Amino acid sequence: MRILFLTHYFPPEVNAPATRTFEHCSRWVAAGHQVTVFTCAPNCPNGILYKGYKNRFFQRETVDGIQVIRTWTYIAANRGSIRRTLNYITYMISATICSLFVIRPDIIIATSPQFFCGWAGLIASRLRRVRCVLEIRDIWPDSIVAVGAIRNRHVLRVLEWLERRMYSASHHIVTVGEGYRDCLIRKGVPVEKISVVMNGVDQGLFSHREPVMRLKHELGLEGKFVCSYIGTIGMACGLEVVLRAARLLKERGRNDIAFLLVGDGAIKAKLEKQASLAGLDNVVLTGRQDKERVPDFLSISDACLVHLKKTDLFTAVMPSKIFEAAAMGRPIINGVEGYASKMVKEAGAGLCVEPENEQQIVEALVRLADNPGFRRSLGEAGREYFTSRFDRGRLARDYIRLIERLRADSPLQKGASVA
């Protein structure tokens, strides 16, 4: 089967959508399918081209058997609204044009966010007369409203109309969790049009290993209980709470506990500056790291923080970093309410705290730091639960079977319009 996959993010970018897309596509190629990915020149999250790449139209490369076509976009950092919107729209236009110059696929998959990537897939599906599967990993525009990125009511009404049309025009929707499925149903999407393919973990990369003590020494964390946050340091994450918790730990004399923030994003520089001004030497920020190095950072973590701002929308989210931390046997301090909290509790994989509540984070840290047997039992329970249920290879097989059924079903729905 020939699959055309549209995604704004792809390795060497290291965020969750890039990882999910690569891990699925590489396994589909290994199973004998032909996969072409349309994406941008890597620049996320700071809007700076990665070394060795150029921002040009229709650049080809092969990554683990995947035919990757990188197309020109207006590059912008992952913050603000106007320039970022231009980045999204230029991707939509470029990817749609590119779709005319490849062998006709059997099916198109377009993943959102970003929002206009979904529209690129829908337009391309009409032009090439093939079915389009829309993959929803975030609910737009709700999520950008939740973090205050857009407040103009007229703009939001337009985006909401586009959202409804996007769901209606797609032939099927795949989402990454029950929470998002329920959100889509509340928005009027028929339940039979939605399938869930959860995020998962590559057990070849994320498995139990001994701590890389050299790395701990390089970071100045020897002898410390390390609580790591590994992922995008963006507006939605609410990581200002880490600085408040770090200050509280100092006030309580718990100099044995430190935070390690691994990643980059819209608020990373601000957090770094604030930590420096406040003299918070118990907060270490590393900047962006290659995906292959993430297990090393997890290996030196005694606990892993998962956190999003306190807002109703995020109760539907199941962050992918939970799967990776749990697979390596690390107890989780979960600051995401709703489905994520429910699963962490069901797995016995960690402690759940109220989002943006530094008091509860500190209490959880102290409890874990002072009880090594307890944190070990949480880590073991989490590893057993998540690796037995959410292996990325099995999920990729489930996904491709779904795609094969959709392709084999009825022909292109003549009534599905993107107008």
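The values are calculated or read from the model by the stated rules, or taken from the named source; none is laboratory data. Remember, predicted model here, so these are calculated numbers, not experimental data. Counting neighbours? That spans all protein chains shown, and the Cβs are built from the backbone with ideal geometry, glycine included.
Restricting the search to helices (runs of 4 or more DSSP H) fully inside segment 293-399 and requiring at least 1 residues that are within 30 Å of Glu218 (Cβ to Cβ) and charged (D, E, K, R) gives 294-299, 320-327, 358-369, 372-389. Residues in segment 1-26 that are more than 12 Å from Lys291 (Cβ to Cβ), among the β-branched types (Val, Ile, Thr) and touching a helix residue (DSSP H, G or I) at 6+ places or on another chain (Cβ under 9 Å): Ile3, Thr7.
When the residues of segment 113-171 are narrowed to those that are among the polar types (S, T, N, Q) and surrounded by 23 or more Cβ atoms within 10 Å (Cβ to Cβ), which ends up modelled with the lowest pLDDT? Walk me through how you get there before you give the answer.
Taking segment 113-171 first, the residues among the polar types (S, T, N, Q) are 114, 125, 143, 152, 168, 170.
Now restrict to residues that are surrounded by 23 or more Cβ atoms within 10 Å (Cβ to Cβ): 114, 125, 170.
On the way: Gln114: 80, Ser125: 96, Ser170: 95.
Ranking the qualifying residues of segment 113-171, first place goes to Gln114.
Selection of strands (runs of 3 or more DSSP E) fully inside segment 1-92 by the criterion of at least 2 residues being more than 20 Å from Gly265 (Cα to Cα) and under 21 Å from the mean Cα position of the chain (by Cα) returns 2-6, 34-40, 66-71. Checked against (1) in the same structural domain as Tyr385 (by TED's automatic domain parsing); (2) assigned to a loop (DSSP other than H, G, I, E, B); (3) of a type in the set (D, E, K, R), Arg151 passes all but condition (1).
Condition test on Gly188, is it over 20 Å from the mean Cα position of the chain (by Cα) and either more than 30 Å from Asn46 (Cα to Cα) or part of a loop (DSSP other than H, G, I, E, B) (or both)? Don't jump to the end; show me each part of the working.
Values: over 20 Å from the mean Cα position of the chain (by Cα): yes; either more than 30 Å from Asn46 (Cα to Cα) or part of a loop (DSSP other than H, G, I, E, B) (or both): yes.
Against the criterion (over 20 Å from the mean Cα position of the chain (by Cα) and either more than 30 Å from Asn46 (Cα to Cα) or part of a loop (DSSP other than H, G, I, E, B) (or both)), Gly188 qualifies.
Residues in segment 338-379 that are at positive phi, of a type in the set (Asp, Glu) and surrounded by fewer than 18 Cβ atoms within 10 Å (Cβ to Cβ): there are none.
Mind telling me which of the residues Ile93, Ile89, Ile107 ends up being over 22 Å from Gln67 (Cβ atoms) and of a type in the set (A, V, I, L, M)?
Numbers: Ile93 fails: over 22 Å from Gln67 (Cβ atoms); Ile107 fails: over 22 Å from Gln67 (Cβ atoms).
Sole residue among the options that is over 22 Å from Gln67 (Cβ atoms) and of a type in the set (A, V, I, L, M): Ile89.
For segment 56-83, a residue qualifies if it is farther than 29 Å from Val201 by Cβ and surrounded by fewer than 16 Cβ atoms within 10 Å (Cβ to Cβ), and the qualifying residues are Arg56, Phe57, Phe58, Gln59, Arg60, Gly80, Ser81, Ile82, Arg83.
Identify, please: which residue in segment 175-206 is in contact with a Lys or Arg (Cβ under 7 Å, 6 or more places away or on another chain) and polar (S, T, N, Q) and is, among those, nearest to Arg137 (Cα to Cα)? This residue is Thr175.
The C-beta contact set for segment 176-201 (first residue farther than 17 Å from Thr315 by Cβ, second residue polar (S, T, N, Q) and surrounded by 15 or more Cβ atoms within 10 Å (Cβ to Cβ), distance under 8 angstrom, 6+ apart or interchain) comprises Lys193/Ser170; Ile194/Thr175; Ser195/Thr175; Val197/Thr175; Val201/Thr387. Scanning segment 100-142 for residues that are touching an Asp or Glu at 6+ places or on another chain (Cβ under 7 Å), closer than 23 Å to Asn87 by Cβ and assigned to a loop (DSSP other than H, G, I, E, B) gives Pro113, Trp140, Pro141.
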